[in-house]
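Structure record follows, encoded as structure tokens.
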Amino acid sequence: MEKYWEHFEDGDENKLIYTTIFNEYNNEIEDHIEKKLRHKVPDFCMNSFIENLVCHKQDLEGEVFEMLFTFSDFLAFKEMFLEYKNMKEGRSIDLSQDIVVTSLSRSN
């Protein structure tokens with residue numbers, strides 16, 4: 001993400017470079033995941049894995065699955081880059097200053 005975040009702009013129009021970045025991102029991530037899974041599961045098949053993810057999308061929750069779905073969902077991919085860009089430019093919400101930790105037990 002570090003390599004391309006500056007290319008992304010919030011808007012309805014998509015630049016041609018987004019497709020190139022999307023394809024490169026997908027290839028790198030899929031290759032990495034496939035390599036790691038084949039090490040653990042010798043007969044692992046990435047195509048079957050992706051088909052299963054798509055078929056069970058409504059049953060899967062969590063950030064890991066959201067990230068995995070960016071492989072096939074361009075809009076989710078673009079949104080992920082826009083959120084990263086906002087964070088890099090200091091435009092994301094920082095709740096760390098607003099959180100206060102208070103003990104619920106009293107010490108005597």
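The values are calculated or read from the model by the stated rules, or taken from the named source; none is laboratory data. Since the model is a prediction, treat every value here as computed from it, not as a measurement. Cβ placement follows ideal geometry from the backbone for every residue including glycine, while neighbour counts extend to all protein chains displayed.
The table below gives the values:
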| quantity | calculated |
| --- | --- |
| Within the range 36-53, tally of residues that are surrounded by 11 or more Cβ atoms within 10 Å (Cβ to Cβ) and part of a helix (DSSP H, G or I) | 9 |
| Cβ pairs under 8 Å, 6+ apart, first in the range 82-98 and assigned to a loop (DSSP other than H, G, I, E, B), second at pLDDT 70 or above | Ser92/Glu83; Ser92/Asn86 |
| Check on Phe65, part of a helix (DSSP H, G or I), surrounded by 13 or more Cβ atoms within 10 Å (Cβ to Cβ) and modelled with pLDDT of 80 or more | no |
| Conditions (1) among the hydrophobic types (A, V, I, L, M, F, W, C); (2) closer than 21 Å to Lys3 by Cβ; (3) part of a helix (DSSP H, G or I); number of the one not met by Phe71 | (3) |
